[in-house]
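J.: Below you will find the structure I want to go over with you.
The values are calculated or read from the model by the stated rules, or taken from the named source; none is laboratory data. Owing to the predicted nature of the structure, the values given are computational and were not obtained by experimental measurement. Ideal geometry is used to build each Cβ from the backbone, glycine not excepted, and the neighbour counts take in all protein chains shown. Note: areas computed on protein heavy atoms with side chains; ligands, DNA, RNA excluded. Shrake-Rupley method; radii C 1.70, N 1.55, O 1.52, S 1.80 Å.
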Amino acid sequence: MRRARSTSVLVTLLAGAAGVISSTQTWVHVVLTGGATSDVAVAGATAIPVLAPLSLAVLALGAALSIVGRALRLVFGLLTVLIAVLLATLVAPLLVGVPASAITPSVTEVTGIAGDSAVGDLVSSTSTTAWPFVAALAALVLAAVGVFVVVTGMRWPSGTRKYEAAARRAARRTTDGPLDAVDSWDDLSRGDDPTTPQTPR
């Protein structure tokens, strides 16, 4: 279960990083008619304004997941699933088409023309890059990690366990001298490493 914790934290951080990076990249190329600017690039943060904040929240959850106790692991796992579902819901429309609301802000900034209907009249064609698919994949991976944390998080070892084990060994050495074979076996039974060197005081 120690590896389960580190793997969950790493994958959560990677998914959050993928979301942050994708928010800065071009998701849609818009070709306009009527002699206007030929190509308008629409970034992920424009197409989905909450993409970057949600991805940053995922990074924070991943970092905190490495130190929180059992009860908060369950809460963080559920939050991770919730964010993943929200991200997937927001990205999904861009995988099958380009909603006018996703491109209107960028087109308005270039042409000065506002409104989904008016912008729609200016658009000749649109093409989607690979970044929406990257964000969708990150959301799916994030959902899987969140479910994994909910299912297994209660069984992860405590983050302070190794320090408690070191304190127990130090106390025994102070009172009883060096550890014998029985003490070492007891440590191994609890999952502690009896060979861990102690820091001199």
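J.: Working only within the range 37-60, note down all residues that are more than 16 Å from the chain's Cα centre (by Cα) and within 16 Å of Gly77 (Cα to Cα). Full working, then the answer.
T.: Going residue by residue through the range 37-60, those that are more than 16 Å from the chain's Cα centre (by Cα) are 37-49.
Of everything in the range 37-60, nothing turns out to be more than 16 Å from the chain's Cα centre (by Cα) and within 16 Å of Gly77 (Cα to Cα).
J.: Mind checking which residues of the range 107-154 are closer than 20 Å to Ala45 by Cα, in contact (Cβ under 8 Å) with a residue 60 or more places away in the chain, assigned to a helix (DSSP H, G or I) and not hydrophobic (A, V, I, L, M, F, W, C)?
T.: Of everything in the range 107-154, those that are closer than 20 Å to Ala45 by Cα, in contact (Cβ under 8 Å) with a residue 60 or more places away in the chain, assigned to a helix (DSSP H, G or I) and not hydrophobic (A, V, I, L, M, F, W, C) turn out to be Thr111, Pro132.
J.: For residues that are open to solvent by 40 Å² or more (accessible area, probe 1.4 Å) and of a type in the set (A, V, I, L, M, F, W, C), tally how many sit in the range 84-97. Write out each step before concluding.
T.: Filtering the range 84-97 down to residues open to solvent by 40 Å² or more (accessible area, probe 1.4 Å) leaves 85-86, 89-90, 92-93, 95-96.
This time we only want the ones that are of a type in the set (A, V, I, L, M, F, W, C), so: 85-86, 90, 92, 95-96.
Matching residues across the range 84-97 total 6.
J.: Just name the residue that is modelled with the lowest pLDDT out of those in the range 43-77 that are hydroxyl-bearing (Ser, Thr, Tyr) and open to solvent by 30 Å² or more (accessible area, probe 1.4 Å). So that I can check it myself, show each step before the final result.
T.: Quick first cut of the range 43-77, residues hydroxyl-bearing (Ser, Thr, Tyr) only: 46, 55, 66.
Next, from what is left, pick out any that are open to solvent by 30 Å² or more (accessible area, probe 1.4 Å): 46, 66.
Working: Thr46: 93, Ser66: 83.
Restricting to residues being hydroxyl-bearing (Ser, Thr, Tyr) and open to solvent by 30 Å² or more (accessible area, probe 1.4 Å), the top hit is Ser66.
J.: Further question on the same structure: Within the range 70-106, which residues are without any contact (Cβ under 8 Å) to a residue 40 or more places away in the chain and not aliphatic (A, V, I, L, M)?
T.: Thr89, Pro93, Gly97, Pro99, Ser101, Thr104
J.: Give the range 98-118 a look and list any residue that's open to solvent by less than 40 Å² (accessible area, probe 1.4 Å) and on the phi > 0 side of the Ramachandran plot, or say none.
T.: Correct list: Gly115 only.
J.: Of Val147, Val134, Val110, Val141, which residue is of a type in the set (A, V, I, L, M, F, W, C) and over 29 Å from Val9 (Cα atoms)? Spell out how you get there, then give the answer.
T.: Numbers: Val147 fails: over 29 Å from Val9 (Cα atoms); Val134 fails: over 29 Å from Val9 (Cα atoms); Val141 fails: over 29 Å from Val9 (Cα atoms).
The unique qualifying residue is Val110.
J.: Same structure, new question: For the range 99-106, does any single residue satisfy the condition of being in a helix (DSSP H, G or I) and more than 22 Å from Ala135 (Cβ to Cβ)? I'd like the intermediate steps shown before the answer.
T.: Initial filter on the range 99-106 (in a helix (DSSP H, G or I)): 100-106.
Subset that is more than 22 Å from Ala135 (Cβ to Cβ): none.
The answer is no; no qualifying residue exists.
J.: Then there's this: Taking only the range 12-29 into account, find how many residues are over 30 Å from Val40 (Cβ atoms) and open to solvent by 40 Å² or more (accessible area, probe 1.4 Å).
T.: First, the residues of the range 12-29 that are over 30 Å from Val40 (Cβ atoms): 12-14.
Adding the requirement that they be open to solvent by 40 Å² or more (accessible area, probe 1.4 Å) leaves 13-14.
Number satisfying all stated conditions: 2.
J.: Can Ala135 be described as open to solvent by 60 Å² or more (accessible area, probe 1.4 Å) and not polar (S, T, N, Q)?
T.: Details: open to solvent by 60 Å² or more (accessible area, probe 1.4 Å): no; not polar (S, T, N, Q): yes.
In short, no.
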